[in-house]
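First up is the structure itself, then whatever we jot down about it.
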Amino acid sequence: MTVTGHVQSPGSEAETPVGGRVRPWVAIQRNRRSGAGGQYRAVMDLIWELRRQGWQPRLFSSRRELDAAIQESPDHPPNAIVAAGGDGTVLDRASRHPRLPVAILPLGTENLLAQHCGIRRRDGAGVARMIVAGKTTRLDLGVVDERRFSVLVSCGFDADVIRRAHESRRGHITRLHYVLPVVRSLGLYSFPEVRTYVDDDPEPIRAGMVVVANLPRYAMGIRLAPTARPDDGLLEIRAFPHRTVAGLFCDMFKVLIGRSEASPVIIRRQGRTVRIESDSPAPVEVDGDPIGTTPVTLQIEPAAATLYVP
């Protein structure tokens, strides 16, 4: 068995009808950066457990080959697409094939969506059994300037740190990669005022940093928006008003000790459409990836993705 292109179980029995019925099959899309090294074993565990359950696994190492395989079999699409990687990998699969359910094999750094769904990291055999069991849930996705997101969008200091981390990235990124970017942003970020408009309200929220969340947890388990739910058709907005390093530390300390929701300073809103502006460009990140600067417009896309869950 090789990992170039796609692979399937040895032999041709997986391709033939059994009792007049074509066997179910699963398309596995592997993120090469997130699934490197020892994490390759989790992918193999997934493949062998699917075979043991009588399903046909096909492993793809490129998006082009996976897309072509799905287009070539419109009458027999995969029962699942496995996103073997981090949150960005999951979102890519759900966005490219919105009609097909996605199963997460979490191999990334944070795996926030997998954590929210209760899926264990690197448990390939468990993901295979989850697919066979067939339980799914619907998930809202956010859309920012035609790009979908599952976790959150942030604008301000946090996005500046992520921008610097990605500019210096070499290969797989870990939490340690953020240490130096944090130090640099603390010394160099200018904290421009960010104005956030929610739905039809003409009065903006003015702040130094704003977060628009679809999930309650962020990196390292930080609960930036504890009341966010990915199935309520709403985005949760949290605006942090301070525009200094000291003020930012004060706001983040309240988040870390779980007191941000009771703070009279941190602004909390819900909405379906959000527009973020600033006089000077402010950095913006989506699910941990920098996407540029303000202005940006966000919307919620209710029940846009189907995920397998335990």
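The values are calculated or read from the model by the stated rules, or taken from the named source; none is laboratory data. Since the model is a prediction, treat every value here as computed from it, not as a measurement. Cβ: placed from backbone, ideal geometry, glycine included. Neighbour counts: every protein chain shown. Protein only, heavy atoms only, side chains kept; ligands, DNA and RNA dropped before computing areas. Shrake-Rupley method; radii C 1.70, N 1.55, O 1.52, S 1.80 Å.
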**Complete:** Each label sits 7 Å from Cα toward the beta-carbon; between TYR40 and SER73 the label points are separated, in nm, by 2.5 nm
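Assuming 0.36 nm per residue, please report the length gained on full extension of the stretch THR244 to ARG184 beyond their Cα-Cα distance.
Details: separation 60, 0.36 × 60 = 21.60 nm, distance 1.44 nm.
Here the segment from THR244 to ARG184 would lengthen by 20.2 nm.
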**Prompt:** How large are Rg and Dmax for region 209-256 when only the alpha carbon atoms are used, in Å?
**Reply:** 11.4, 35
**Request:** Work out how far the C-alpha atoms of region 125-225 reach from end to end along every principal axis, then list the three figures in whole Å, largest first.
**Result:** 51, 42, 25
**Fill in**
Checking ARG259, ARG63, ARG122 against a Gaussian network model of the chain (alpha-carbon springs below 10 Å), the top fluctuating residue turns out to be ARG259
**Fill in**
For the chain, the longest principal axis of the Cα atoms and the Cα long axis of helix 179-188 enclose an angle in degrees, to the nearest 10, of 30 degrees
**Request:** Report, to the nearest 10°, how far helix 157-167 tilts away from the longest principal axis of the Cα atoms in the chain, using its own Cα long axis and a range of 0 to 90°.
**Result:** 50 degrees
**Request:** Please find, in a Gaussian network model of the chain (springs between Cα atoms separated by less than 10 Å), the residue of ASP75, ASP123, ASP87 whose mean-square fluctuation is greatest.
**Result:** ASP75
**Fill in**
PRE zone check, label point 7 Å out along Cα-to-Cβ of ASP199, amide N under 18 Å, scope region 222-240, hits 227-239
**Shape category assigned to region 196-310 from the gyration tensor of Cα positions, a/c cut at 1.5** = oblate
**Asked** For the Cα atoms of the chain, what angle does the longest principal axis make with the long axis of helix 87-96, in degrees from 0 to 90, nearest 10?
**Response** 70 degrees
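Taking the solvent-accessible surface of protein heavy atoms with a 1.4 Å probe, what is the per residue accessible area of the chain in Å²? Mind showing how you got there, number by number?
Values: 14280 Å² over 310 residues.
Ligands and nucleic acids excluded, the result is 46 Å² per residue.
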**Item:** Mean Cα-pair separation over length for the chain, i.e. relative contact order, pairs under 8 Å, 6 or more apart, %
**Value:** 20 percent
**Message:** If I compute solvent accessible area with a 1.4 Å probe over the protein chains, what percent of it on region 80-194 is carbon and sulfur?
**Reply:** 51 percent
**Distance cut-off 37 Å, percentage of C-alpha pairs in the chain lying past it** = 21 percent
